[in-house]
Amino acid sequence: MNVRYMYSLIAVIVLFLLAYAGAEAGVWSQYILGVVIPYLAILVFVVFFIRRIVGWAKSPVPFRIPTTCGQQKTLPWIKSSWLDNPSSRLGVIARMFLEIVFFRSLFRNTKFAVKDQNKPFYALELWLWVGALAFHMAFFTVVARHLRFFTQPVLFPISLLENIDSFFQVGLPGVFISGVVLFAAVTFLLIRRVLIPQVRYISLASDYFPLFLIFGIAFSGLLMRYFSKVDVVGVKEMAMGLVTLHPHIVEGVGAIFYVHVFFVSILLAYFPFSKLMHLGGIFLSPTRNMVNNNRAVRHINPWNYPVEVHTYEEYEEEFRDKMIEAGLPVEKE
Amino acid sequence: MSKNKKMYNRNIIVAGLILFIALITFPVWNYYVFSGETSTAPEIKLSEKAKAAKECVRSKEYMKTEHMQLLDVWRDTVVREAKRVYVSPNGKSYNMSLSSGDNSCLGCHVDKAEFCDKCHNYASVSPYCWDCHIDPKEKK
């Protein structure tokens with residue numbers, strides 16, 4: 001057994017037991033789980049998220065280091081790649097957009113393999129890209145859909161999203177595709193990490209913990225919607241209580257709801273201190289967010305200290321008499 | 001790590017952070033600026049007939065969370081197996097029908113708007129029952 005994922009798994013199980021016990025213990029512990037901890041988690045999330053971003057913003061980038069994936073703009077008759085080696089801000093924005101929304105660089109993921117006659121080659125390895133894209137897009141959809149609990153009246157785009165998401169009208173309550181995809185994708189990414197030896201070797205507890213936690217969130221969510229039901233109207237009333245800053249507990253909602261909310265709170269509070277900060281960090285990647293105009297514009301290293309220089313004019317000024325005496329040529333007589 | 005050092009690209013980063021805070025707090029300012037609608041859960045109004053009957057085909061708690069699955073099973077049983085009688089766990093028989101006649105869901109819960117729609121709208125649920133069925137009251 002690998003301690004790195006065992007510790008993460010045990011941590012998530014302990015968190016589950018804590019929340020479950022708290023939900024069953026009484027109204028006071030439900031208040032802590034349903035009101036106090038969510039508020040604290042949001043606070044920690046926002047404050048430390050900003051701190052992290054500001055910390056990054058204060059770190060100088062000494063060189064202009066955009067990743068170049070195509071011909072740089074040079075002479076007019078040499079074809080340059082405006083997207084893969086952006087020489088303008090527009091190119092950077094386009095490349096950034098494709099990176100953030102479609103994980104374009106991950107799409108280029110290759111795998112070294114040796115085929116017949118010992119010929120080595122690099123094959124496209126798309127499974128990680130597929131899994132990651134499914135995971136992130138489904139997660140985004142799920143989060144956006146949850147706004148139905150936090151807005152009253154429910155906004156049109158949210159109900160539209162819900163209708164699209166339950167397009168296939170499977171069963172009642174209608175199956176949301178995004179929830180199933182999220183659960184499948186997080187399971188895939190977890191299994192991938194455990195089963196592929198090279199990936200397992202470089203995986204740490206901080207890689208497994210968010211996966212187990214999100215697995216728990218998705219699992220408890222699916223459980224609540226399709227199997228062991230909770231009082232949805234009560235859930236919305238509590239969510240609206242948090243939003244309107246008049247929080248209160250609705251009794252008899254069901255323990256899984258508190259487990260779900262506790263997991264989400266832990267995720268939010270853990271977020272700014274973990275690798276999950278790639279949510280903010282992606283925007284600040286110097287290799288992606290910079291214009292590649294190294295040859296066109298001079299960039300000065302921000303931590304360059306002032307260097308004292310002695311120009312030739314100053315030199316001549318200082319030694320002019322001696323230079324003339326020695327017969328050396330001077331620029332000004 | 002970084003004490004009182006200057007922030008690079010200050011304007012764009014501050015703008016990004018403000019956007020971040022605006023997104024995170026969206027439900028709060030959406031409520032206080034635009035909506036302001038009462039946030040408490042709607043109360044179901046039972047019709048006189050339902051009050052007189054005292055209980056539904058199953059217990060109130062069961063109906064509250066499971067009615068959609070019950071109706072889904074009913075639909076399949078009626079449409080695919082032509083069975084129209086539901087026997088509840090306590091032995092009573094009921095006619096399996098959502099909207100036709102007095103002996104149906106809406107025959108007892110006469111006011112769809114007060115009984116169904118209130119909670120469905122509150123929880124943003126749009127069941128497709130009404131793609132085929134019609135509210136008998138609307139017919140007139």
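The values are calculated or read from the model by the stated rules, or taken from the named source; none is laboratory data. Only a predicted model underlies this, so the values are computations on that prediction, with no experimental measurement involved. No Cβ is skipped: glycine too gets one built from the backbone with ideal geometry, and neighbour counts run over all protein chains shown. Calculation scope for accessible area: heavy atoms of the full protein, side chains included, ligands and nucleic acids excluded. Shrake-Rupley method; radii C 1.70, N 1.55, O 1.52, S 1.80 Å.
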Near pairs, Cβ below 8 angstrom, 6+ apart or cross-chain, from the range B:36-62 (away from chain A (no Cβ under 11 Å) and farther than 27 Å from residue A:240 by Cβ) to any residue that is open to solvent by 60 Å² or more (accessible area, probe 1.4 Å) and charged (D, E, K, R): B:57/B:92
Consider residue B:82 carefully, then state whether it is out of contact with any Ser or Thr (no Cβ under 9 Å at 6 or more places or on another chain) and open to solvent by less than 60 Å² (accessible area, probe 1.4 Å). no
All but one of (1) loosely packed, with under 14 Cβ neighbours inside 10 Å; (2) farther than 23 Å from residue A:169 by Cβ; (3) within 14 Å of another protein chain (Cβ to nearest Cβ) hold for residue B:113, so report the exception by its number. (3)
Specify the residue that is least open to solvent (accessible area, probe 1.4 Å); the eligible residues are those in the range B:21-56 that are closer than 22 Å to residue A:39 by Cα, touching a helix residue (DSSP H, G or I) at 6+ places or on another chain (Cβ under 7 Å) and aliphatic (A, V, I, L, M). B:41
Condition first: open to solvent by 40 Å² or more (accessible area, probe 1.4 Å) and either more than 7 Å from every other protein chain (Cβ to nearest Cβ) or of a type in the set (Phe, Trp, Tyr) (or both). Now tell me which residues in the range A:224-241 satisfy that. A:225, A:227, A:228
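For the range A:172-188, which residues satisfy the criterion of being open to solvent by less than 30 Å² (accessible area, probe 1.4 Å) and either part of a loop (DSSP other than H, G, I, E, B) or in contact (Cβ under 8 Å) with a residue 60 or more places away in the chain (or both)? I'd like the intermediate steps shown before the answer.
Residues of the range A:172-188 open to solvent by less than 30 Å² (accessible area, probe 1.4 Å): A:173-174, A:176, A:178-179, A:182, A:185-186.
Passing the criteria: A:173, A:174, A:176.
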Those residues of the range A:189-223 that are among the polar types (S, T, N, Q) and buried (at least 16 other Cβ atoms within 10 Å of the Cβ) come to a total of 2
Out of (1) surrounded by fewer than 17 Cβ atoms within 10 Å (Cβ to Cβ); (2) assigned to a loop (DSSP other than H, G, I, E, B), the odd one out for residue B:125 is which? (1)
Residues that are in a helix (DSSP H, G or I) and touching a residue at least 40 places away in the same chain (Cβ under 8 Å), drawn from the range A:234-255: A:235, A:236, A:238, A:239, A:240, A:241, A:242, A:243, A:255
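Restricted to the range A:142-156, and to residues that are outside any helix (DSSP H, G or I) and open to solvent by 60 Å² or more (accessible area, probe 1.4 Å), which residue is nearest to the other protein chains (Cβ to nearest Cβ)?
Residues of the range A:142-156 that are outside any helix (DSSP H, G or I), as a first pass: A:150-155.
With the extra rule that they be open to solvent by 60 Å² or more (accessible area, probe 1.4 Å), the set shrinks to A:150, A:153.
Details: A:150: 4, A:153: 6 Å.
If we take residues in the range A:142-156 being outside any helix (DSSP H, G or I) and open to solvent by 60 Å² or more (accessible area, probe 1.4 Å), then A:150 is nearest to the other protein chains (Cβ to nearest Cβ).
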